[in-house]
Structures are given as C-alpha cells and as structure tokens.
Amino acid sequence: MVNFDGMADGPASASGGRPEPRGPVYLDHAATSLMLPEALAAMTEELSQLGNPSSLHNAGRRARRVVEESREQIAEAYEARPSEVVFTSGGTEADNLAVKGLFWARRAADPGRNRLLVTQTEHHAVLDSVHWLADHEGANVDWMPVSPTGRLSPAELRGAIDLDPASVALISVMWANNEVGTVQPIAELAQVAREYQIPFHSDAVQAAGQLPVGLASSGATALTITAHKIGGPVGVGALLLARGTDAVPVLHGGGQERDVRSGTLDAPAIRAFAVAVAIACERRADEAKRLAALRDDLIAQVTAAVPDATLNGEPPGPGRLPGNAHFSFPGCEGDALLMLLDARDIACSTGSACTAGVAQPSHVLLAMGADEARARGSLRFSLGSSTVQADIDALGDVIGEVVERARRAGR
Amino acid sequence: MSGGVDSAVAAARAAQAGHDVTGVHLALSRNPSSYRTGARGCCTLEDARDARRAADVIGIPFYVWDLAERFHEDVVQDFVDEYARGNTPNPCLRCNEKIKFAAVLDRAVALGFDAVCTGHHARLDPALPAPGPRRLVRSVDGGKDQSYVLAVLTSQQLERAMFPLGDITKDQVRQEAAGRGLAVAAKPDSHDVCFIADGDTRKFLRGQLGSAPGRIVEPDGTVVGDHDGSYGFTVGQRRGLGLSRPAPDGRPRYVLDIEPVSNTVTVGPAEGLDVLEIEAARPVWSGCAPPSGPVECLVQLRAHGEPQPATCEPVTGDSGGDVLRIRLDRPARGVARGQAAVLYEGETVLGSATITGALQVRAVC
C-alpha cells in the first residue's frame, strides 16, 4: 500500500507543549528488553575467551569457573541451590523440559500418573508441549479455567486434583501472564500441590524481573526463567529444578547439567545472564515502583483518550505486573492499531509475539471470557528499564486518533 | 506482496519514487498446520517469508493481513458456484475486483493510505496523471500483459491503483530484482489457480461439488458418453472427454455447451464453437463514458486471448439490467460463459463485462 507523499496522516505534529519524545518509543519489553550495559560488557569480554566449561584443562577450568560463579549468583537471586539451576537455551526450552521431562519421569515411576493440570492461559511453550504430550504420549489434560481477570483460584486447583489425585503427573501454572500481566497466587497454588505431593511447575519468565520470585519460598518444584526479559541476552535461560526431582531429558548428549540438559554450556551468555539477574534483583523494588507509576499514567492517558477502552486483567496492584497494560479497543483490530502505532514509531504488541503474522484472537483473552471481537481488538503495552515519561506521553498523544482511524478501517 | 518477483519489484519501485510504502501479504487460505487453530499459514509458507524478506531488503514495514474469510466467500466459493452453473470463471479477476481493490483497498484507505500498489503487468494511461480519472492500458510486455484481469476495476478503483511494472518487461523485472538484491529474482512464475495446490481443477471441484454423473450428447441428442460432473468441462475443451465411441466422421469433438440443470455436456465438431454474437452482463466502463450506441472496438474473450474487432452495443437485458451485445467481425472459437469480455481501443481498456451467452454461427446437426 502506498501513500503518495509520505504518511499523509503521520505523527501528530503539535503535541500541546509537551517535549518531543527522543526517537522511537519502545513499549514491548515483554517481548524482549534491551540488554543492560553491564551484561553486554560481561558477555563481550567473555566472548573473546577460549575454553569449554566441560574440558579438564586450564582453559576449560577457567570457563567452568565463570559458569559456576554465574550459577551461584542466579541461584542466590532466586532462592535456589546452585545445583538446582539447569541452564537452557531460553524459556521455551526450559518449559519443554519441565513439562515433558517431569511428566515422563513421573509416569515412568508410576504409569497411573498420566494427567496434567494446566491453566488455559499458559504461554505457547507450555501450551503446545502439553498438546504434544496429549497427542503423542497419551497424556490426559485438564485445562483449568481462570477468572475474568485471568486468575486461577487455589480452590479450583484443589477441585481439579480431587477428581483423581493419584492420576496427576504434573501441575503447570504460569507466575505472571505474558499478555495481560495477571499474577497468579503461586505460593498458595504450590502449597495445594505440595499437600498432594504433585510436582508444580511455573513459567516465571515475565515475573522474574518485576516480582520477588523464589524457588524455595514459592514452594514450586520447577521455575522457568529467561535472560532476555530482564536485561540479559537472547538465547539463554534456566529451569530452576528442585533437588531430588527427576526430569527425563529432552536433549541427549554429553550429559551436562546433571544429565538433564546436554549441550556445551554457553559461558558468555550465562555470565551476562547472571550479571543481568543480579542487577535486576538489586533494582527490582525501586524499578517495580517506577514502572507501576508510569504504567498507571499510561492507563490514565489511554482511557482519557479512548473512554470505551477496557483494561484487561487485574487492576493495578499486587495482582498485576507493574510493567504491563493491556487493553481492548472496541471496534478495532489489534493488528491495525499496531500498524498505525508502528507508523508513528511506537512499538507495542497484540499479545505474544509468537502469534504475530496472521492475527489470531488471543487464547488468553478467550479463556478470560472475552468474545472473539474483543480478543482481536487488543493491544499490550509493556514497560521496562528504558521506559520514561516521554514514551507514555507520546502514546497518549496519538492513541485517540489511531483508535479512531482503526475503527474506520473496521474489522 | 505475494512473495513473487513482480510485487517485490513493484514495492521497491514505489518506495524509490518517494512514496511511503507498507508491504502487505494476504493470508488467503486457512492452514491449520500447528496446534493453534485457524490460519497460521504465514509462519510456515515460503511465500510469506519471501515477501517479508523482500520488504526487509527494500526497507519498508511489512504486515500479513488475514483475508481468508473474504477470499473464501468472494473468490473460492464464487469459483465453485460458477462452475456449478456451467460457467468458466476467472478467479484472478474476481480476486482483483473483490479482494485486492476492494477489501484491501477499503481497509488501506481507512488506515490512511492513498492507494494499493501491485505487481500486475499493466499501465495507467500516462496522459492522465494522478490524482484523477485513470485509464488502464496494456503492459509494454504483450506476453505478460494482465490488463484483462484488471479490466473489471471501476474508474474509482483505478484512481486508487498503482502499477509500477507496466512500462517494463518481465525479463527487465527479473533483472531489476537481481540488481536490487531481491532473492526472489529467479523465483518461477506461478501459473495455477492459487487455491488449488496441485493444479488439478477437476479434482478440486469434485471435492467441492461431489460426483454428479450425467450424459455427454451430440447436438442432435445422441448420447456418446457419460461424465462425472458437468463442472469438469469448459466450452472449447477437446482433451479428456472420455468418449466411448469416435465421431462418425472421425474428426475431433469439442465441448460446445454445458447445461447445468439437465447436467448435460454437448460435444461436436470445431465449427460448432464458432461464435459471432455474444451477450455479456454487468458492464463496467473505466476507459470511456458508458456509450449510448454501438462502439467499434477490440474485444478479448479470455486471458491471453487474441483481441478481435467487434461492434459492442449496450442494451437493456431481459431482466432490465444493462447488457452488452457484442458482434464479432469474424467468428471466434471457444467463448465460455463466465469469462470476461474486455473491450479495448488500441491498447487502452474501455470496459469489461461478464459473458453470459454466445450465439453459435450455425446450428450443428
């Protein structure tokens, strides 16, 4: 499609005396966040070093030391023992390892344990792993419903278990939702699982940088974390896997990482991951407060400009990620909104980036009871370390006009 | 951007001309290939990737628009229905009319864009600069000219259209693609109907319409064979008739007519295909004002067909609508209902209409 002379209806020029934002506005930190300079420096330095952490010689020992120190730092930050940190290539791999590996291990120990209890709003890395187990491994799945704000109640979980406690292999409930930012009562849910001695996995990818996340204090059996959402590089993550829990490996090979995850350890990425984790945890409380204030202003500006926009998920507070705002705009298509904002150099998302391409109604919103139209007409704004007030103002300046235009384009 | 070389070069040319260009790939088929339901074909199909790569190289934004539903209703279903009526539709033409220059154009305009730019091989009359009324003109590459499948567009649609490839040949398009570093430079042309993956139209229609056995007869009513569904035939077709006995005179037989109600296919000698007078419905005039009397012009009766001298006259049809009566100077063969009759003055499209009937030169008995 073409505009004959540049964008005829481009970015609003006069913006009411507000300072012009500095270049592009990035409100998609839930997709990926920018690397902290400290993490970048650590990774760059490590990339020039030689040595496989599994080698026995001096170069290998040096690399091993980097990996183990990083492991200790990450373990400390998330209330785990160093041996409970299993490095992976990222969140998707850690979710696959948790879901498939724990399911296989449990079923191998007791063939009657063939049932998975999973919330309907999981990330696709969990969702599709579970679908795969159902399709190819004969797993039975109970998809647990959520409230209209996306929460799973401990009573709901207990009810699902009680249908047949001895058949449950694994429970998986994400810590905070990647689309609508709803935070689950993980400690309470894990406590229920513990009563029945059922392994409990939680995808904590979105929570790990913004909420106090701990393996020990949550009572979870396994937690998924990844580096690139908290200021580290893409391509490295970890499954925090409680001691004494067996998981059947998904990747077979050299037997690294307790024999659970084979593959040469990526020392530069792991070091940068640890640096990012340490900084994120150190700054977490202040940063969460700062992001929540910006997020609240974003909600105020968007709802002022578009009065019929509805905030999806929990209201601002402990039930919602501080950096997340997720709206439905009646009469609009999410991808039209995204395109119009992109043309004004504002980056956001219609949901999980994996759904990008052909617009699909979000399975998260559908599970929360939204109809297909509302699910399609949604946008997620996610804030992070680089977000400043000018970014929020830039969005506030154009969102009204953008929504109006998207409405004219209809569905 | 389809993922082919034409739309990639068209986008590059539009961007280079200084326009603000956004690439759009249309997801037109439902392709449930993963655990997600519905269309996620874009993530697996090579064409979408090629289109995205081309947009990256050109340096323009790129989006996939899911028009599978509209496409199914307006193009695929129309295609099936037309065959069921004994007609021979042109789905590319319908797609231009209903999807690219309607659904896509409407959405684009609402979103703030001025025009839809495509890689069709056709030109807009350079004597009439934009903005304002446009006239469609054949491509300089006669062999690749696509004005026939665009002739259904109204002048309003043409005002919002851009065809940057009309003044170069297909070979030049490929050379230019290579020069611009577009990986699709050597990608083969697509020929088949895009929604029939294996190119077997008859099999596709059988899947859609089911088996409908009927008779194959000669013009005098003599039964010469059976068929599995009259939709598998096109007027003028010679191959694949599966006739049980040869013609008395030993000459090849052709499909002369398809009668969907009685599900009868009539075959006969080639002369039976000769047509001098054609009726066509729903005329669209983009290249001139609707004429009040007979017009002498050239008429093209199928894609890549030879234009023929004719006299065309708008008349009022039996049902009260506008109808075009076309008298050919010389008989033409293989005129199929459902195809477009496109009227040209030289290289310029005057208008088009859908063929609804053809009078054979003489009854063949």
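The values are calculated or read from the model by the stated rules, or taken from the named source; none is laboratory data. As the structure is a prediction and not an experimental result, all values here were calculated from the model. Note: ideal-geometry Cβ built from the backbone for every residue, glycine included; neighbour counts use all protein chains shown.
Just a yes or no: is a residue in region B:242-265 at pLDDT below 90, of a type in the set (Gly, Ala, Ser) and part of a helix (DSSP H, G or I)?
No, because not a single residue in region B:242-265 is at pLDDT below 90, of a type in the set (Gly, Ala, Ser) and part of a helix (DSSP H, G or I).
Residues being under 15 Å from residue A:154 (Cα atoms) and touching a helix residue (DSSP H, G or I) at 6+ places or on another chain (Cβ under 8 Å): count how many of those fall in region A:179-198.
11
Can you tell me which residue among A:225, A:270 is at pLDDT 95 or above, among the β-branched types (Val, Ile, Thr), farther than 19 Å from residue A:106 by Cα and part of a strand (DSSP E or B)? Break it down into steps so the answer makes sense when it comes.
On the way: A:270 fails: part of a strand (DSSP E or B).
The unique qualifying residue is A:225.
Can you find a residue that is surrounded by 15 or more Cβ atoms within 10 Å (Cβ to Cβ) and not in a helix (DSSP H, G or I) anywhere in region A:189-197?
yes
Could you list, in sequence order, the residues of region A:36-74 that are closer than 24 Å to residue A:254 by Cα, free of Cβ contacts under 8 Å to residues at least 60 places away in the same chain and under 27 Å from the mean Cα position of the chain (by Cα)?
Answer for region A:36-74, where residues must be closer than 24 Å to residue A:254 by Cα, free of Cβ contacts under 8 Å to residues at least 60 places away in the same chain and under 27 Å from the mean Cα position of the chain (by Cα): A:68, A:72.
Scan region B:202-227 for residues that are touching a residue at least 24 places away in the same chain (Cβ under 8 Å) and of a type in the set (S, T, N, Q) and jot them down.
Matches in region B:202-227: B:208 only.
Do we find that residue B:126 is of a type outside the set (Ser, Thr, Tyr), within 12 Å of another protein chain (Cβ to nearest Cβ) and in a loop (DSSP other than H, G, I, E, B) in this structure?
Answer is no for this residue.
Please specify each residue of region B:194-231 satisfying the condition of being hydroxyl-bearing (Ser, Thr, Tyr) and either surrounded by fewer than 16 Cβ atoms within 10 Å (Cβ to Cβ) or touching a Phe, Trp or Tyr at 6+ places or on another chain (Cβ under 6 Å) (or both).
B:211, B:222, B:231
Could you identify the single residue in B:318, B:329 that is part of a strand (DSSP E or B), over 21 Å from the mean Cα position of the chain (by Cα) and among the acidic types (Asp, Glu)? Talk me through it step by step, then tell me what you get.
On the way: B:318 fails: part of a strand (DSSP E or B).
None of the other options fit; the residue is B:329.
Scan region A:377-411 for residues that are in contact with a Gly (Cβ under 7 Å, 6 or more places away or on another chain) and surrounded by fewer than 24 Cβ atoms within 10 Å (Cβ to Cβ) and jot them down.
The answer is A:384, A:385, A:405, A:407.
Does residue A:248 fit the bill of being modelled with pLDDT of 95 or more and not in a helix (DSSP H, G or I)? Steps first, answer last, please.
Working: modelled with pLDDT of 95 or more: yes; not in a helix (DSSP H, G or I): yes.
Against the criterion (modelled with pLDDT of 95 or more and not in a helix (DSSP H, G or I)), residue A:248 qualifies.
For the structure I just gave you, tell me whether residue A:171 is surrounded by 24 or more Cβ atoms within 10 Å (Cβ to Cβ) and part of a strand (DSSP E or B).
Yes, satisfied.
Given the conditions (1) over 26 Å from residue B:304 (Cβ atoms); (2) outside any loop (DSSP other than H, G, I, E, B), which single one is not true for residue B:173?
If we test residue B:173 against (1) over 26 Å from residue B:304 (Cβ atoms); (2) outside any loop (DSSP other than H, G, I, E, B), just (1) comes out false.
When the residues of region A:302-328 are filtered to those that are crowded, with 19+ Cβ neighbours inside 10 Å and out of contact with any strand residue (DSSP E or B) (no Cβ under 7 Å at 6 or more places or on another chain), which remaining residue is farthest from residue A:79 (Cα to Cα)?
Only one residue fits best here, namely A:306.
Based on what the data block shows, is residue B:150 of a type in the set (A, V, I, L, M, F, W, C), surrounded by 15 or more Cβ atoms within 10 Å (Cβ to Cβ), over 26 Å from the mean Cα position of the chain (by Cα) and in the same structural domain as residue B:46 (by TED's automatic domain parsing)?
No, not satisfied.
Right, residue A:376: away from chain B (no Cβ under 14 Å), of a type in the set (Lys, Arg) and in contact with an Asp or Glu (Cβ under 9 Å, 6 or more places away or on another chain) or not?
no
Across region A:198-217, what is the number of residues that are assigned to a helix (DSSP H, G or I) and either acidic (Asp, Glu) or surrounded by fewer than 24 Cβ atoms within 10 Å (Cβ to Cβ) (or both)?
Number of matching residues: 2.
Check A:141, A:126 and return the single one that is modelled with pLDDT of 95 or more and within 16 Å of the chain's Cα centre (by Cα).
A:126
Out of the residues in region B:103-122 meeting the condition of being charged (D, E, K, R) and more than 11 Å from residue B:161 (Cβ to Cβ), tell me which one is nearest to the other protein chains (Cβ to nearest Cβ).
B:107
Examine region A:89-97 for a residue that is at pLDDT 95 or above and either over 28 Å from residue A:320 (Cβ atoms) or surrounded by fewer than 18 Cβ atoms within 10 Å (Cβ to Cβ) (or both), and state whether such a residue exists.
To start, the set of residues in region A:89-97 that are at pLDDT 95 or above comprises A:89-97.
Subsequent filtering for residues that are either over 28 Å from residue A:320 (Cβ atoms) or surrounded by fewer than 18 Cβ atoms within 10 Å (Cβ to Cβ) (or both) retains A:89, A:97.
Yes - at least one qualifying residue is present in region A:89-97.
What's the number of the only condition in (1) assigned to a loop (DSSP other than H, G, I, E, B); (2) more than 30 Å from residue B:62 (Cβ to Cβ); (3) modelled with pLDDT of 95 or more; (4) not aromatic (Phe, Trp, Tyr) that residue A:35 fails to meet?
For residue A:35, the failing item is (2).
Across region A:114-162, what is the total count of residues that are more than 13 Å from every other protein chain (Cβ to nearest Cβ), farther than 30 Å from residue A:315 by Cβ and surrounded by 20 or more Cβ atoms within 10 Å (Cβ to Cβ)?
Counting residues in region A:114-162 that are more than 13 Å from every other protein chain (Cβ to nearest Cβ), farther than 30 Å from residue A:315 by Cβ and surrounded by 20 or more Cβ atoms within 10 Å (Cβ to Cβ) gives 3.
Sort through B:48, B:8, B:54, B:14 and tell me the only one that's within 14 Å of chain A (Cβ to nearest Cβ), at pLDDT 95 or above and assigned to a helix (DSSP H, G or I).
Details: B:48 fails: at pLDDT 95 or above; B:8 fails: within 14 Å of chain A (Cβ to nearest Cβ); B:54 fails: within 14 Å of chain A (Cβ to nearest Cβ).
Exactly one residue qualifies, and that residue is B:14.
For residues in region B:280-313 being surrounded by fewer than 20 Cβ atoms within 10 Å (Cβ to Cβ) and touching a Lys or Arg at 6+ places or on another chain (Cβ under 9 Å), which is nearest to residue B:97 (Cα to Cα)?
Going through the qualifying residues, I end up with B:288.
Residue check: is residue A:369 surrounded by fewer than 24 Cβ atoms within 10 Å (Cβ to Cβ) and within 17 Å of the chain's Cα centre (by Cα)?
Numbers: surrounded by fewer than 24 Cβ atoms within 10 Å (Cβ to Cβ): yes; within 17 Å of the chain's Cα centre (by Cα): no.
No.
Taking the conditions exactly as written (within 30 Å of residue B:211 (Cβ to Cβ), surrounded by 20 or more Cβ atoms within 10 Å (Cβ to Cβ) and either assigned by TED's automatic domain parsing to the domain that holds residue B:90 or of a type in the set (A, V, I, L, M, F, W, C) (or both)), does residue B:326 satisfy them or not?
No, not satisfied.
State whether the residues of region A:233-253 include one that is charged (D, E, K, R), farther than 16 Å from residue A:86 by Cβ and touching a residue at least 60 places away in the same chain (Cβ under 8 Å).
No, that holds for no residue.
Of a type in the set (Ser, Thr, Tyr), more than 26 Å from residue B:240 (Cα to Cα) and not in a loop (DSSP other than H, G, I, E, B): does that describe residue B:311?
Taking the combined requirement at face value, the residue satisfies it.
Taking only region A:228-245 into account, find how many residues are assigned to a loop (DSSP other than H, G, I, E, B), of a type in the set (Gly, Ala, Ser) and under 30 Å from residue A:387 (Cβ atoms). Step through it out loud before you land on a result.
Of region A:228-245, the ones assigned to a loop (DSSP other than H, G, I, E, B) are A:228-236, A:242-245.
Then drop every residue that is not of a type in the set (Gly, Ala, Ser), which leaves A:231-232, A:235, A:242, A:244.
Narrowing the set further to residues that are under 30 Å from residue A:387 (Cβ atoms) leaves A:231-232, A:235.
Of the residues in that region, 3 qualify.
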